Structure formats: structure tokens, C-alpha cells
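Report on the structure given below.
The values are calculated or read from the model by the stated rules, or taken from the named source; none is laboratory data. Everything quoted here is computed from the prediction, not taken from an experiment. Neighbour counts run over all protein chains shown; Cβ positions are idealised from the backbone, glycine included.
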Amino acid sequence: MHNIIAKELGVNPAQALAVIALAAEGATVPFIARYRKEKTGGLDEVQIREVLERHQYLSELAERKEVVLASIGEQGKLDEPLKLKILTCTTKQALEDLYLPFKPKRRTKAMIAKEKGLEPLALLILSGGDLKSWINGQAIPETEALAGARDIIAERIAEDPEPKERLRQLARSLGEIGAEVKKEFLGQKNKYSDYHEFKEPIRKIAAHRYLALRRGEAEKVLRLKIELPTEAIKEVLKARWVGGHPAQLELALDDAWNRLMAPTLEAELRAELKLSADQESIQVFGQNLIDLLLAPMGGPKTVMGLDPGFRTGSKWVVIDKTGKFLEEGTIYPVEPQKQVEKSARILAQAIQKYGVEVISLGNGTASREVMAFVKAMLKEYKQEQVLPVMVNESGASVYSASDMARQEFPDLDVSIRGAVSIARRFQDPLAELVKIDPKSIGVGQYQHDVDQKLLKKRLDDQVESAVNKVGVMLNTASVPLLSYVAGLNSQAAQRIVEFRDQKGGFKSRQELLEVPRFGPKAFEQAAGFLRIDGGLEPLDRSAVHPEAYPLVRRMAADLGLAVGELIGNEVALAKLKPQQYITETLGLPSLTDILEELKKPGRDPRGQLQVAQFDDSVQTMADLQPGMELEGQVTNLTKFGVFVDIGVHQDGLIHLSELADRFIKDASEVCKVGQLIQVRVLSVDLERKRIALSAKRPGAGPKPTHTQAAKASGPVQPPSLSDLAAKFKGR
């Protein structure tokens with residue numbers, strides 16, 4: 001099996017075999033990728049998951065073959081040629097094609113005809129024998145006899161496995177998918193207007209379009225139809241079946257196609273298109289998620305979190321550098337109350353009291369109005385050293401109403417919990433976002449339309465990958481964050497936190513073995529990803545695995561240094577020759593990783609924090625004009641383009657063709673979720689709430705550093721507190 005996988009994926013058979021064996025021993029993907037490079041030949045997480053997914057598929061196929069062989073054998077119909085075909089087929093679809101003629105089924109027309117003794121007549125039709133003589137010797141009328149014989153032939157044609165894949169290929173290459181609006185929606189503008197009269201070759205249909213068509217069908221707005229290349233398919237069938245008595249065979253063939261084959265093939269194509277669209281959408285969703293999870297963190301700062309609102313006010317909280325809740329309140333700086341001065345005074349006092357360094361605002365309702373108020377307040381009270389930041393609040397309401405939030409803050413109102421989440425997202429987005437169902441984070445399209453089992457697995461894999469790539473501080477991590485560490489689950493994470501609370505924290509990784517039901521295997525898998533700062537063992541704050549500690553101590557001893565003196569000492573580390581430390585289990589790839597980690601122990605792979613600066617003169621879609629040049633932040637990547645937050649409560653779309661001055665096949669070639677981008681407004685459709693943007697201009701496009709955006713007409717000074725009452729009126 002590993003040889004097949006190696007050939008399909010372009011890896012060495014020994015690599016595939018090593019991955020399969022390690023996984024069978026209970027090793028996790030992050031552990032294999034990070035700490036078993038010698039065994040896998042340096043395969044990365046994506047390659048390892050591909051090997052394991054393909055191994056699972058082939059294992060399931062092998063099990064199904066055993067069931068099929070047993071079933072046909074019990075019927076006494078398993079000959080050697082058929083057995084060989086079953087044993088050598090490589091897909092589940094091909095196996096089911098072979099099994100179809102023998103598969104137990106409900107009573108069919110062909111079965112009824114056989115019960116009437118008409119199978120000999122069907123064979124005469126196929127071979128060109130004397131039909132009249134046979135019919136004359138029977139009590140059954142000729143018309144009925146011929147019809148029954150054709151039923152037998154039609155079923156045989158429909159169940160013939162040989163041409164099936166050829167017919168599928170014809171349908172994929174020549175078939176079309178069409179949609180039309182139902183009569184009751186004719187002439188109406190809705191989100192499916194682009195599909196009211198729609199037709200496209202199956203081979204070209206994009207994943208997002210097919211999922212949109214399916215949603216339109218589910219909502220009973222659209223009627224979908226797969227148009228199959230009937231004539232081309234019939235020609236293939238005629239070449240195989242029409243001989244003997246052509247007139248009767250053609251009638252049987254037409255019946256086989258119309259009654260049995262076409263509906264089945266259409267259903268197969270729909271399922272195939274759905275699976276393909278699901279996989280593509282889930283892949284994009286997964287990449288967007290990991291980009292968001294690995295977004296730069298603001299770090300340990302005292303943060304004020306603001307959850308903006310109009311009628312119910314804006315909820316604010318202050319958290320300390322560790323994320324601990326300090327104080328909360330509600331202000332009403334915008335319509336309808338417009339308590340501008342009072343609200344400013346409340347926030348200024350809290351800033352002064354706690355030494356707030358950052359104000360983190362959710363980007364939902366009233367966010368632009370409240371941001372303008374915050375900037376004016378900071379200027380008025382001479383607190384301009386405080387950084388106001390807009391953060392993505394997707395999923396904050398889901399978290400705030402969850403059992404987890406209630407356990408963490410039992411005495412706080414739901415809305416206040418949401419403000420805490422917004423504040424913590426600035427400090428460490430990953431640590432906060434793992435508390436939320438990934439589907440609620442808002443970085444995918446059609447996430448409720450795709451296969452939920454596939455989606456959950458992909459997203460869980462991505463969260464696991466992100467958490468282990470960054471590493472987790474053992475003495476401060478939450479249960480949700482710990483549960484994604486390699487080798488752990490939610491129960492193990494809960495036991496770790498309970499042990500930590502009882503003992504006052506871990507002093508070394510080795511103490512993990514004292515946690516109830518935390519055995520050597522869990523320790524092997526998890527220890528390298530769990531960090532302890534200021535513990536008894538200096539290496540515990542690094543990604544060096546405990547199994548390599550003796551080797552590091554030897555390195556330090558060779559240089560006449562203590563381990564603590566070696567860590568971070570690049571001059572000393574440069575003197576080491578890794579080839580001298582190669583062992584049976586540690587080769588050059590792992591030694592290189594160890595030396596890099598010793599240079600910068602516990603280094604965070606996340607980049608520098610980027611903060612979008614929205615144009616103060618652009619608050620809503622109505623403020624937008626074609627030609628405006630604005631700064632935005634990428635919120636979502638799709639196969640057809642990129643969605644960008646430009647601060648008007650409705651993301652704009654940069655179509656793939658407008659994303660770069662060169663040809664690109666995928667948006668991920670030039671940008672990712674969270675990245676800042678300069679855009680130009682192309683058009684605004686207020687009725688359909690659509691904003692078309694472009695990044696194609698000199699100096700535009702994704703960029704790594706912060707720049708101040710400006711309108712085409714030039715920069716606009718932010719309003720003062722005294723201006724705000726008039727500015728907010730009517731919002």
C-alpha cells in the first residue's frame with residue numbers, strides 16, 4: 001500500500017512507510033513533522049497529512065473489496081477474471097461499478113421479466129437468434145414478451161461496468177450545468193440574479209458558483225439541470241451493444257439510458273461536483289483560517305476593549321498585560337444618546353487609572369463612529385500615546401454566550417464578555433480564537449453548505465498546526481488552547497490546568513508526568529510544544545524536545561559552558577559543528593533545528609503587527625466614490641478574488657483580474673488574510689451592497705508595512721469632540 005501512495009504523491013516509499021508506521025504508534029502530525037525528520041526524510045505537515053489521508057482511503061477500499069468478494073462468492077458468481085478485476089481496481093467508484101450487477105436490490109422490471117422466463121428471449125435478441133420461433137412456443141403475448149426481454153437487456157446495459165468511466169468522462173467534458181429562475185421570482189433582483197438564466201460547461205464551473213447554484217436551488221429560487229451529452233454517450237453504448245436484432249436493442253438501449261443511466265449519471269455528477277466544490281472551498285477556508293490564527297500579536301500590553309454599539313451603548317473593559325479582567329462599563333458617545341463629553345471623561349479616567357496602552361475596537365456596528373470618537377478623545381485628553389486599533393470581532397458574540405465564557409466570567413454580562421474577547425484578540429489572536437468554533441470566525445465562503453465532517457477535520461487540522469507552530473506557554477494557556485497541542489485533548493488539557501492550579505504552576509516539563517493519566521506517550525508528543533518561562537530547566541522555554549536535552553548538555557560541556565549560558569549565545573553556537581553530534585536517532589535536519597532554536601529560544605513565527613488606518617471621511621458605503629484610493633485589510637481570500645475591509649461595514653471585492661499587474665492563478669500568490677492593502681474604488685452598488693475594488697495601479701497592492709490611506713481628494717483632519725455630535729447625527 002505504501003508503494004502505491006509513494007507513487008501517487010511523488011515521495012519515497014520509505015517516507016510513506018515511516019509516516020504510516022509512526023501514526024500507527026500514536027504519533028501526531030505536528031510531532032512527526034517537527035521531531036521525526038530523519039525517519040520521514042523531512043516531509044512537511046501537508047505531505048504527512050496527504051500520506052495519511054490516502055492510506056485511510058486505500059485501507060477503506062481494501063476492506064470494501066473483502067465485503068464485495070464475500071458477497072459475490074456467496075452468490076456462486078465469483079470467477080477468477082472478476083476476482084482479479086476487483087483486487088486490482090484502485091478506486092471506490094470502480095469497485096462499485098464491478099459490484100453493481102451482483103448487488104442485492106429491490107425487485108426490478110428485469111427481475112419480473114426473468115421470473116416470467118423471458119431471459120432466453122433477451123439472449124436471442126442479443127445474439128440475433130430466431131425470435132418468432134421462441135415467442136410462438138410461449139403463452140405470453142409477443143408485445144409483452146419483447147418488452148420484458150428489453151427490460152432484461154436494459155438492466156444489463158445499465159450495469160455493464162466496462163464503459164462506465166468512459167461515459168463519465170464524456171459527461172464531464174461535454175456536459176453542461178444550467179439554471180433558471182422560478183416563475184414567482186421572475187423580474188426580481190436578489191442575490192441569485194446572476195444565475196437567473198445561467199449555463200456553463202461542467203468542466204469549467206467554479207466551486208463558488210456551483211455552491212451558489214445549489215443554495216439557490218435549496219432556497220427554491222432556482223431550478224438546476226445537468227444537461228448530459230446524450231448523443232455522444234449513446235454512440236458509445238451502440239458501438240458496444242447494438243448487433244443481433246438492432247431495432248429491439250436500440251429500444252432497450254434508449255430505455256436503459258433514459259430510465260436507468262441518465263438519472264444515475266446526473267446524480268453522480270452532482271455529487272462529484274459537490275465534493276470537488278467542498279474540497280476546494282474547505283482548502284481555501286483552511287488557508288484563510290491559518291493566516292488569521294498566525295496573525296501578529298500585540299503582546300503583553302494593558303488593553304481597553306471596546307465593543308461599539310448605537311442604542312445599547314458601547315461596552316468597554318480593561319485587561320492587564322496577562323489578559324486578566326480589571327474593570328468594565330458602558331458609554332453612549334454616538335446616536336441616539338450622544339453623551340460625547342461624559343463618555344470621553346469615563347474612558348480618559350480608565351486610561352489614566354490603569355495605564356492603558358492600546359484601545360482595541362471591534363469592527364462591527366458603529367465601529368467607525370466610535371473610532372472617530374476615540375481618536376478625538378485621545379487628542380482632547382492628551383493621551384495620543386495610546387494606540388487605537390480596529391480588530392476583527394467575528395465570533396466574539398459566539399464566544400461570549402458559550403459555556404466556556406460563562407465559566408471564565410460567571411459574573412459578567414454577555415456583552416461585556418464580548419468586549420474582553422475583543423481586547424484579548426489584540427494581545428494574542430491565536431489564544432483567543434481557539435475558543436471559538438472555526439466556522440464562526442468568518443474567513444470562509446459557503447461554510448454551511450459544504451460537507452461538515454470534511455470541514456471540521458480540515459479546520460481542526462489547521463488550528464492544531466497553528467497552535468503547535470507557535471507553541472504554548474504551559475503555565476498560562478487556557479484549556480481550549482492546550483487541547484490543540486499535539487498528543488492532548490480537552491480532557492487532558494483540563495487535567496493539566498487543574499494540576500497547575502493546585503500546584504501553583506509547573507516548574508519543569510518533567511512535572512507533566514505527575515498529571516493524572518498523563519503517560520509517557522502523551523509526554524513524548526506534547527512536551528516539545530509546551531514552554532515554561534523561568535523554570536528550573538532553561539531548555540524548557542525552547543522548542544527543543546526533552547529527548548534531545550542530553551545532546552544539548554553535551555554541546556554546552558564541549559564549549560565549557562552551562563546550558564543556560566549556551567542558550568541565545570550565537571557566538572558560542574557558531575563554533576559547534578553539527579556533524580559531530582549525529583546519532584542513530586538525530587540527524588543533520590534535527591540538529592539544524594536544535595541549533596536554530598538555541599539561537600532564539602521560543603521564537604514566535606508570527607510577524608509584526610499591522611494596523612489599518614481607515615480614511616476618517618469615509619464612514620459608510622454612501623461616502624464612497626469611484627476613483628477613491630483607500631487603505632484596507634484583507635478579510636477573506638476566495639478563488640475568484642479577495643474581500644477587503646475598508647471601514648464601511650461592508651467588505652469590498654477585488655476580483656482576481658484586478659489584484660495584480662501580472663497574471664495570477666490564485667489570490668494567495670500575492671496576499672493573505674490580515675494583510676494591509678492599498679485599493680482604488682471601481683464601483684459602488686448601494687442596492688445590492690457591492691463594492692468593486694482594484695489593486696492594479698502604480699504602488700498599489702499588498703504591502704508588508706503600514707501606510708496612511710488618503711482619499712483621492714487628499715487627507716482629511718479627524719473631528720474634535722465638539723464636532724462629533726453633529727457628525728454622528730442621523731447615523
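Out of segment 385-418, which residues are among the charged types (D, E, K, R) and either modelled with pLDDT of 90 or more or over 17 Å from Trp316 (Cβ atoms) (or both)?
Listed by number, the residues that qualify are Asp403, Arg406, Glu408, Asp411, Asp413, Arg417.
Quick check on segment 331-368: of everything there that is assigned to a strand (DSSP E or B) and without any contact (Cβ under 8 Å) to a residue 60 or more places away in the chain, which residue is farthest from Lys382 (Cα to Cα)?
Of everything passing the filter in segment 331-368, Ile331 is farthest from Lys382 (Cα to Cα).
Checking the structure you have, find out if any residue of segment 169-178 is assigned by TED's automatic domain parsing to the domain that holds Arg270 and more than 18 Å from Glu268 (Cβ to Cβ). Steps first, please.
Initial filter on segment 169-178 (assigned by TED's automatic domain parsing to the domain that holds Arg270): 169-178.
From the residues that got through so far, the ones that are more than 18 Å from Glu268 (Cβ to Cβ) too are none.
No: segment 169-178 contains no residue that is assigned by TED's automatic domain parsing to the domain that holds Arg270 and more than 18 Å from Glu268 (Cβ to Cβ).
Within segment 293-334, count every residue that is of a type in the set (Val, Ile, Thr) and within 27 Å of Ala477 (Cα to Cα).
Going residue by residue through segment 293-334, those that are of a type in the set (Val, Ile, Thr) are 302-303, 312, 317-319, 322, 330-331, 334.
Those left that are additionally within 27 Å of Ala477 (Cα to Cα): 302-303, 317-319, 322.
Residues that pass the stated criteria total 6.
Taking the conditions exactly as written (under 50 Å from the mean Cα position of the chain (by Cα) and modelled with pLDDT of 95 or more), does Leu123 satisfy them or not?
no
When the residues of segment 378-398 are filtered to those that are charged (D, E, K, R) and assigned to a loop (DSSP other than H, G, I, E, B), which remaining residue is surrounded by the fewest Cβ atoms within 10 Å (Cβ to Cβ)?
In this case the residue turns out to be Lys382.
Take Lys116 and tell me if it is among the basic types (Lys, Arg) and not assigned by TED's automatic domain parsing to the domain that holds Glu268.
yes
Wholly within segment 216-319, which strands (runs of 3 or more DSSP E) include no fewer than the required count, namely at least 1 residues that are surrounded by fewer than 16 Cβ atoms within 10 Å (Cβ to Cβ) and not hydrophobic (A, V, I, L, M, F, W, C)?
Output list reads 222-227.
Residues that are modelled with pLDDT under 95 and either more than 31 Å from the chain's Cα centre (by Cα) or more than 20 Å from Phe614 (Cβ to Cβ) (or both): does segment 326-335 have at least one? Give the derivation first.
Start the filter on segment 326-335 by keeping residues that are modelled with pLDDT under 95, which leaves 334-335.
After this cut, where a residue has to be either more than 31 Å from the chain's Cα centre (by Cα) or more than 20 Å from Phe614 (Cβ to Cβ) (or both) as well, the list is 334-335.
Yes, that holds for at least one residue.
Just need a number here: residues in segment 399-443 that are more than 13 Å from Leu293 (Cβ to Cβ) and assigned to a helix (DSSP H, G or I).
Looking only at that region, the number is 23.
Sort through Gly632, Gly607, Gly602, Gly627 and tell me the only one that's part of a strand (DSSP E or B) and either touching a residue at least 40 places away in the same chain (Cβ under 8 Å) or loosely packed, with under 13 Cβ neighbours inside 10 Å (or both).
Among Gly632, Gly607, Gly602, Gly627, only Gly632 is part of a strand (DSSP E or B) and either touching a residue at least 40 places away in the same chain (Cβ under 8 Å) or loosely packed, with under 13 Cβ neighbours inside 10 Å (or both).
Could you tell me whether any residue of segment 130-143 is modelled with pLDDT under 95, of a type in the set (Gly, Ala, Ser), part of a loop (DSSP other than H, G, I, E, B) and in contact with a Gly (Cβ under 8 Å, 6 or more places away or on another chain)?
no
Within segment 187-206, restricting attention to residues that are touching a residue at least 60 places away in the same chain (Cβ under 8 Å) and touching a strand residue (DSSP E or B) at 6+ places or on another chain (Cβ under 7 Å), which residue is nearest to Glu176 (Cα to Cα)?
Applying the filter and picking the extreme gives Ile202.
May I ask you to say which residue of Ala486, Ala493 is surrounded by 14 or more Cβ atoms within 10 Å (Cβ to Cβ), over 30 Å from Glu565 (Cα atoms) and modelled with pLDDT of 95 or more? So that I can check it myself, show each step before the final result.
Working: Ala486 fails: over 30 Å from Glu565 (Cα atoms).
Exactly one of Ala486, Ala493 is surrounded by 14 or more Cβ atoms within 10 Å (Cβ to Cβ), over 30 Å from Glu565 (Cα atoms) and modelled with pLDDT of 95 or more, namely Ala493.
Starting from residues that are out of contact with any Phe, Trp or Tyr (no Cβ under 7 Å at 6 or more places or on another chain) and exposed (fewer than 14 other Cβ atoms within 10 Å of the Cβ), keep the ones in segment 496-513 and report whichever is nearest to Glu464 (Cα to Cα). It would help to see each step written out before you state the result.
Quick first cut of segment 496-513, residues out of contact with any Phe, Trp or Tyr (no Cβ under 7 Å at 6 or more places or on another chain) only: 496-499, 501-511.
Pick out the ones that are also exposed (fewer than 14 other Cβ atoms within 10 Å of the Cβ) and you get 498, 501-504.
Details: Glu498: 22, Asp501: 24, Gln502: 27, Lys503: 27, Gly504: 27 Å.
Ranking the qualifying residues of segment 496-513, first place goes to Glu498.
Would you confirm, using the coordinates I've provided, whether Asn190 is outside the structural domain of Leu686 (by TED's automatic domain parsing) and part of a loop (DSSP other than H, G, I, E, B)?
yes
For segment 517-540, give me the residue count where each residue is within 16 Å of Ala477 (Cβ to Cβ), in contact (Cβ under 8 Å) with a residue 12 or more places away in the chain and surrounded by fewer than 19 Cβ atoms within 10 Å (Cβ to Cβ).
1
Kindly indicate whether Asp449 is among the acidic types (Asp, Glu) and at pLDDT below 90.
Taking the combined requirement at face value, the residue satisfies it.
Out of the residues in segment 56-94 that are among the aliphatic types (A, V, I, L, M) and under 32 Å from the mean Cα position of the chain (by Cα), state the one that is surrounded by the fewest Cβ atoms within 10 Å (Cβ to Cβ).
Checked segment 56-94; the qualifying residue surrounded by the fewest Cβ atoms within 10 Å (Cβ to Cβ) is Ala62.
Can you go through Asp194, Asp130 and tell me which one is more than 30 Å from Ala212 (Cα to Cα) and among the acidic types (Asp, Glu)?
Selected residue: Asp130, the only one of Asp194, Asp130 that is more than 30 Å from Ala212 (Cα to Cα) and among the acidic types (Asp, Glu).
Mind listing just one residue for me: the one in segment 655-679 that is charged (D, E, K, R) and part of a helix (DSSP H, G or I) and, of those, farthest from Ala695 (Cα to Cα)?
Residues of segment 655-679 charged (D, E, K, R): 658, 661-662, 665-666, 669, 672.
Those left that are additionally part of a helix (DSSP H, G or I): 658, 669.
Working: Glu658: 6, Glu669: 14 Å.
Looking at the filtered set, the residue picked out is Glu669.
For the condition outside the structural domain of Glu250 (by TED's automatic domain parsing), of a type in the set (Lys, Arg) and either within 30 Å of Gln248 (Cβ to Cβ) or part of a helix (DSSP H, G or I) (or both), what is the one hit in Arg156, Arg150, Arg64?
So the residue among Arg156, Arg150, Arg64 that is outside the structural domain of Glu250 (by TED's automatic domain parsing), of a type in the set (Lys, Arg) and either within 30 Å of Gln248 (Cβ to Cβ) or part of a helix (DSSP H, G or I) (or both) is Arg64.
Applying the selection to segment 673-688, what residues are among the charged types (D, E, K, R) and at pLDDT 90 or above?
Arg680, Asp685 - these are the residues of segment 673-688 that are among the charged types (D, E, K, R) and at pLDDT 90 or above.
Just checking, does segment 484-496 include any residue being part of a helix (DSSP H, G or I), under 22 Å from the mean Cα position of the chain (by Cα) and small (Gly, Ala, Ser)?
Filtering segment 484-496 for residues part of a helix (DSSP H, G or I) gives 490-496.
Next, from what is left, pick out any that are under 22 Å from the mean Cα position of the chain (by Cα): 490.
Filter once more, so that each one left must be small (Gly, Ala, Ser): 490.
Yes, there is a match, as at least one residue in segment 484-496 is part of a helix (DSSP H, G or I), under 22 Å from the mean Cα position of the chain (by Cα) and small (Gly, Ala, Ser).
For His55, work out the one condition from (1) at pLDDT 95 or above; (2) farther than 29 Å from Leu251 by Cβ; (3) in contact with a Leu (Cβ under 8 Å, 6 or more places away or on another chain) it doesn't fulfil.
(3) is the only condition that His55 fails.
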